[in-house]
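Accompanying notes for the structure given below.
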Amino acid sequence: MKIITLMEDTACAPDFACEHGLSFYIEANGRKLLFDMGQTGLFLQNAAACGVQLDEVDTAFISHGHYDHGGGLAAFLAVNGHAPVYLHEKAFEPHFSRKPEGIRFIGLDPALEQSSRLVRTGGVTKIDENMTLFSDVTGQDCCPQGNRTLLERAGTDYVPDRFQHEQSLILREGDKTALFTGCAHRGVVNICARAKEIIGRDPDFVIGGMHLFSPSSGKSEPDETIRAVAARLAQTGSHYYTCHCTGQYAFGLLRETLGARIDFLAAGSVAEL
């Protein structure tokens with residue numbers, strides 16, 4: 001399994017662009033996949049620099065309905081005319097962030113909602129024998145406090161986002177299994193636990209953000225929260241590749257506990273699993 005980080009908040013070299021967003025290109029089982037599409041079409045630039053032909057992607061996914069993961073959807077649809085894009089049935093519902101200057105819309109472009117390329121999901125969706133999407137996470141352990149600034153609409157009121165629109169991908173290749181998260185708003189501990197229930201064991205690899213840093217506040221989760229997450233992850237048999245909303249500070253604390261079992265992925269980086 002090969003994973004190229006097409007977009008992340010940092011870049012591994014000056015040749016690669018970066019922005020607050022996430023996008024992974026994945027090769028597995030002879031297939032070419034795209035998991036998330038960054039904030040804008042900037043991930044196309046990094047794809048070209050990495051020699052990735054996005055018109056050859058056969059399946060794409062959007063992890064949840066926030067602009068930094070699906071903002072590049074229009075750009076992808078323009079360069080790829082055939083790949084279905086799997087996203088949760090609630091992904092296009094409006095989502096918001098409470099900023100110091102007021103409430104800001106952070107959802108997907110509603111003009112794209114009726115695209116025939118979109119495939120709606122919910123609960124557990126088995127795409128084939130190697131790919132399963134799930135959104136039915138119910139655990140409440142170590143949930144990020146940064147979620148408090150993220151909102152959805154109930155009538156005319158703004159209420160805390162329940163993240164029903166968030167889904168994760170289980171990808172199998174041979175005897176190895178990888179779990180891809182977007183931001184893990186429901187808590188990476190809870191998402192990993194649900195994946196274990198579906199798989200029957202811990203995933204071999206967990207790749208994605210852990211929402212231990214809030215761009216709205218510019219602050220990381222409290223140290224005790226990050227260390228509690230690290231302690232729980234250390235009890236699993238998984239290797240972790242993190243990025244994006246985890247933040248560099250939290251990554252440093254996680255590594256104090258997890259050591260070589262956790263790595264950071266910046267834009268332009270390549271991981272061979």
Measure of exposure for S116: accessible area at 1.4 Å probe, Å² rounded to 10, is 110
Beta bridges by DSSP in region 15-172, antiparallel share as percent, to the nearest 5: 70
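Only Lys, Arg, Asp and Glu count, each charged at its Cβ (+1, +1, -1, -1), so figure out the dipole size of the chain about its Cα centre, rounded to 20 debye.
Working: 24 positive and 34 negative charges, 92 e Å.
Once rounded to the nearest 20, the dipole reads 440 debye.
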What part of the accessible area of region 110-199, given as a whole %, is carbon or sulfur when the probe is 1.4 angstrom? 46
Using a 1.4 angstrom probe, figure out how much accessible area region 146-273 has per residue, in square angstrom, rounded to the nearest whole. 39
S23, S217, reordered so the largest accessible area comes first (probe 1.4 Å): S217, S23
Anchor K126: lysines whose Cα lies under 16 Å away (excluding residues fewer than 8 positions away in-chain): K196
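Per DSSP helix of 4 or more residues, -39500 (n - 2.57); summed, then divided by the residues of the chain. What does that give at 222 nm, rounded to the nearest 500?
Numbers: 6 runs with 54 residues, N = 273.
Value at 222 nm, helices only, nearest 500: -5500 deg cm²/dmol.
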Compactness summary of the chain: radius of gyration and Dmax from Cα atoms, Å, are 17.1, 50
So how much slack lies between T156 and I103, counting 0.36 nm per residue of separation and subtracting their Cα-Cα distance, in nm? 17.8 nm
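How long is the gain from Q53 to E256 if the chain were fully straight, where each residue apart is worth 0.36 nm and the alpha carbon distance is subtracted? Provide the component values of the computation, followed by the final result.
Working: separation 203, 0.36 × 203 = 73.08 nm, distance 3.76 nm.
Separation in residues times 0.36 nm, less the Cα-Cα distance, equals 69.3 nm.
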Might you report the magnitude of the Cβ-based charge dipole of region 197-252 about its Cα centre, with Lys and Arg at +1 and Asp and Glu at -1, to the nearest 20 debye? 80
By accessible area (1.4 Å), largest first, E166, E93, E224 order as E224, E93, E166
Kirkwood Rh, region 157-218, all Cα pairs: how many Å? 12.8
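Can you give the extra length, in nm with one decimal, that the chain gains between V124 and K219 once fully stretched, where that is 0.36 nm per residue apart less the Cα-Cα distance? Don't skip to the answer; put the middle values down first.
Values: separation 95, 0.36 × 95 = 34.20 nm, distance 3.31 nm.
Stretched fully, the V124-K219 segment lengthens by 30.9 nm.
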Scan the chain and hand back the longest stretch that contains none of the trypsin sites (Lys or Arg not before Pro) lying in DSSP loops with at most 16 other Cβ atoms within 10 Å. 1-116
So, counting K/R as plus one and D/E as minus one, what does the shell of residues with Cβ under 14 Å around I26 add up to? -1
Size of the dipole of region 1-44 about the Cα centre, Lys and Arg at +1 and Asp and Glu at -1 on the beta carbon, nothing else charged, in debye to 20? 280
The chain, relative contact order in percent, only Cα pairs under 8 angstrom and at least six apart counted: 19
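The values are calculated or read from the model by the stated rules, or taken from the named source; none is laboratory data. Quick caveat, the model's predicted, so the values are computed rather than measured. Cβ: placed from backbone, ideal geometry, glycine included. Neighbour counts: every protein chain shown. Accessible surface areas use protein heavy atoms only, side chains included; no ligands, DNA or RNA. Shrake-Rupley method; radii C 1.70, N 1.55, O 1.52, S 1.80 Å.
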